[in-house]
Amino acid sequence: MTSIRLRDVLAVLEETFPGDSAQSWDRVGLVTGDPEQPVRRVHAAVDPTLAVIEEARAAGADLLITHHPLLLRGVHSVATTSAKGAAVTSLVVGDVALYVAHTNADVAEPGVNTALATACGLAATEPLTIEEGRPMGRVGDLDAPVSLADFATRLAQALPSAPAGIRVSGPADGTVRRVALLGGAGDGLIDAAAAAGADVYVTSDLRHHPALEAREDAAGRGGTPFLVDAGHWATESLWLEEMLERLRGSLAAAGHDVVGLETHVSTICTDPWSFTVGAAPDRGDPQ
């Protein structure tokens, strides 16, 4: 058995979530850290916010693995006068390495979308569509049909709770059997969900006009797909625990001593919304 270095963890992560499987616009991989530094505690989160970084530092983490990139767009300063700069400084001063697995974790099997598929109650799925040669989203069938209300309720119970909850467009008694999904923001694949014959499409960050137009178009297809906006953070957070378990297993299989390796999923909800007020009672499908 050998002690674990960051380079050992990186080797496993790169094999599990190859950088070249990420979308061309994405920024994944090692952001801060020395490949030779020891890794005794790994922290995982959806977003590398300042609060998450401070949580990781307080926990004594050597490595923070996040789904969303810290530096997706170009920056010209990492001064602490900006949140990005303060985050980079905190990571470096705290000697915390940051590794990002974003769209390369979305397309992985298992990965972000397969974890969401399990939460939706799907045992077997196939890619919803292909982009840049990579599978995007998943689609599959439930063992038995359920009402839209029951489907949404079960999904809410399987996902971590967030202030905004789950938004649903469609009749509560609508029938759901075929489910399409995409973790994170996914209104760009509504047409793909319709083409796949989905009864419901589960994703997040659905904008007003694309969602409204999709529901109007659905009127000519028997009203489907219904839409479920389950929240960006919630739909992508399920993958974290699974990823850490797989990381430990792969390190052990490579001959590393994982007995002293601690792993932890962040307890911080990084959904940007804090609370809701004045929600109207159920008024049914707008169409």
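Here the stretch 23-48 is the region considered, the condition is being under 18 Å from Gly260 (Cα atoms) and open to solvent by less than 10 Å² (accessible area, probe 1.4 Å), and the residue that is nearest to the chain's Cα centre (by Cα) is Ala44.
Of the residues in the stretch 124-135, not one is touching a Ser or Thr at 6+ places or on another chain (Cβ under 7 Å) and aliphatic (A, V, I, L, M). If you check Leu70 against the conditions, is it open to solvent by less than 10 Å² (accessible area, probe 1.4 Å), assigned to a loop (DSSP other than H, G, I, E, B) and in contact with a helix residue (DSSP H, G or I) (Cβ under 8 Å, 6 or more places away or on another chain)? In short, yes.
Residue by residue, here is whether (1) within 21 Å of Asp106 (Cα to Cα); (2) assigned to a loop (DSSP other than H, G, I, E, B); (3) open to solvent by 30 Å² or more (accessible area, probe 1.4 Å) holds:
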{"site": "Val139", "(1), (2), (3)": "yes, no, no"}
{"site": "Ala152", "(1), (2), (3)": "no, no, no"}
{"site": "Leu155", "(1), (2), (3)": "yes, no, no"}
{"site": "Pro160", "(1), (2), (3)": "yes, yes, yes"}
{"site": "Ala164", "(1), (2), (3)": "no, yes, yes"}
{"site": "Arg177", "(1), (2), (3)": "no, no, yes"}
{"site": "Ala180", "(1), (2), (3)": "yes, no, no"}
{"site": "Leu189", "(1), (2), (3)": "yes, no, no"}
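Assessment of the stretch 12-22 against the conditions (open to solvent by 60 Å² or more (accessible area, probe 1.4 Å), out of contact with any Lys or Arg (no Cβ under 6 Å at 6 or more places or on another chain), in a loop (DSSP other than H, G, I, E, B) and not acidic (Asp, Glu)) yields no matching residue. Search the stretch 197-252 for residues being surrounded by fewer than 24 Cβ atoms within 10 Å (Cβ to Cβ) and of a type in the set (Ser, Thr, Tyr), and hand back the single one that is farthest from Arg178 (Cα to Cα). Filtering the stretch 197-252 for residues that are surrounded by fewer than 24 Cβ atoms within 10 Å (Cβ to Cβ) and of a type in the set (Ser, Thr, Tyr), the one farthest from Arg178 (Cα to Cα) comes out as Ser250.
Looking at Ala56, Ala51, Ala117, Ala105, just one residue is in a helix (DSSP H, G or I) and open to solvent by 40 Å² or more (accessible area, probe 1.4 Å), and that residue is Ala51. Just one of (1) closer than 21 Å to His67 by Cβ; (2) loosely packed, with under 15 Cβ neighbours inside 10 Å; (3) of a type in the set (Ser, Thr, Tyr) fails for Thr276. It is (1).
Checked against (1) under 30 Å from Ala172 (Cβ atoms); (2) at pLDDT below 95, Trp239 passes all but condition (2). Residue pairs, Cβ under 6 Å, 6 or more apart or interchain, first in the stretch 7-26 and among the basic types (Lys, Arg), second open to solvent by 30 Å² or more (accessible area, probe 1.4 Å) and at pLDDT 95 or above. List them. Filtered contacts from the stretch 7-26: Arg7/Pro35.
So, Gly260, is that one modelled with pLDDT under 95, closer than 30 Å to Arg40 by Cα and either in contact with a helix residue (DSSP H, G or I) (Cβ under 6 Å, 6 or more places away or on another chain) or not in a strand (DSSP E or B) (or both) or not? It is true that Gly260 is modelled with pLDDT under 95, closer than 30 Å to Arg40 by Cα and either in contact with a helix residue (DSSP H, G or I) (Cβ under 6 Å, 6 or more places away or on another chain) or not in a strand (DSSP E or B) (or both). Evaluate the stretch 36-50: report whether one residue or more is small (Gly, Ala, Ser) and out of contact with any Ser or Thr (no Cβ under 7 Å at 6 or more places or on another chain). Looking for residues that are small (Gly, Ala, Ser) and out of contact with any Ser or Thr (no Cβ under 7 Å at 6 or more places or on another chain), one finds none in the stretch 36-50, hence no.
Scanning the stretch 69-78 for any residue that is over 19 Å from the mean Cα position of the chain (by Cα), modelled with pLDDT of 95 or more and of a type outside the set (Phe, Trp, Tyr) turns up nothing.
For the stretch 136-188, taking the residues that are over 19 Å from Ala123 (Cα atoms) and aliphatic (A, V, I, L, M), the one that is farthest from the chain's Cα centre (by Cα) is identified as Ala172.
Of all residues in the stretch 212-223, those that are part of a loop (DSSP other than H, G, I, E, B) have Cβ atoms under 7 Å from Cβ atoms of residues that are at pLDDT 95 or above, 6 or more apart or on another chain, in Gly223/Gly170; Gly223/Gly174. Exactly one residue out of Val88, Val75 is open to solvent by 30 Å² or more (accessible area, probe 1.4 Å), outside any strand (DSSP E or B) and either in contact (Cβ under 8 Å) with a residue 24 or more places away in the chain or not small (Gly, Ala, Ser) (or both), and it is Val75.
The values are calculated or read from the model by the stated rules, or taken from the named source; none is laboratory data. What you are looking at is a predicted structure, and each value in this text was computed from that prediction instead of being measured. Positions of Cβ are backbone-derived with ideal geometry, glycine not excepted, and every protein chain shown enters the neighbour counts. Calculation scope for accessible area: heavy atoms of the full protein, side chains included, ligands and nucleic acids excluded. Shrake-Rupley method; radii C 1.70, N 1.55, O 1.52, S 1.80 Å.
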